[in-house]
Amino acid sequence: MRVRVCGVKRVEGVGKESGAPFDMCRVLILVPVENQANGKLKISGYGAELAEMELAPEALPQFSGLSFPCEVDLHTEQKFFRGKFETMCGGITPAAVASKPARAA
């Protein structure tokens with residue numbers, strides 16, 4: 001899935017109340033604003049908004065040499081979390097590399 005990435009972040013620490021360690025990685029992508037209306041809610045707008053997707057911690061170094069914002073092809077997978085499936089980014093291919101034609105042998 002080709003997306004425009006604004007950044008990536010990793011947050012590690014210990015929960016204040018639980019005392020349990022946590023480690024979260026996220027990729028920040030631009031997605032089109034979706035106009036919708038139903039019952040008591042109406043959303044309207046133009047352009048793009050920021051969305052977060054879970055990122056596998058081992059994929060974080062793949063972003064280190066990129067200049068942001070940039071286009072990449074996300075390699076996504078489904079992860080079962082808290083009783084439901086969520087989409088997670090397991091790695092990337094920079095768009096410039098992904099769109100280069102193969103050389104003839």
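Numbers below:
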quantity: Subset of segment 78-97 (residues that are over 18 Å from Val31 (Cβ atoms) and surrounded by fewer than 14 Cβ atoms within 10 Å (Cβ to Cβ)); calculated: Gln78, Lys79, Phe80, Phe81, Arg82, Gly83, Lys84, Phe85, Ala96, Val97
quantity: Residue within segment 9-23 that is in contact (Cβ under 8 Å) with a residue 24 or more places away in the chain, in a strand (DSSP E or B), of a type outside the set (A, V, I, L, M) and under 19 Å from Pro94 (Cβ atoms) present; calculated: no
quantity: Wholly within segment 25-69, strands (runs of 3 or more DSSP E) carrying at least 3 residues that are under 18 Å from the mean Cα position of the chain (by Cα); calculated: 48-55
quantity: Test: residue in segment 48-63 that is in contact (Cβ under 8 Å) with a residue 60 or more places away in the chain and either under 20 Å from Arg4 (Cβ atoms) or aliphatic (A, V, I, L, M) (or both); calculated: no
quantity: Count of residues meeting criterion [loosely packed, with under 10 Cβ neighbours inside 10 Å and of a type outside the set (Gly, Ala, Ser)] in segment 32-77; calculated: 8
quantity: The one condition in (1) touching a strand residue (DSSP E or B) at 6+ places or on another chain (Cβ under 8 Å); (2) touching a residue at least 12 places away in the same chain (Cβ under 8 Å) that Gly45 fails to fulfil; calculated: (1)
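Where a number appears in this text, it was derived from the coordinates with a stated rule and is not lab data. Just so it is clear, the model here is predicted, and its values are computed rather than measured. When we count neighbours, we look across all protein chains shown, and the Cβ atoms used for this are built from the backbone with ideal geometry, even at glycine.
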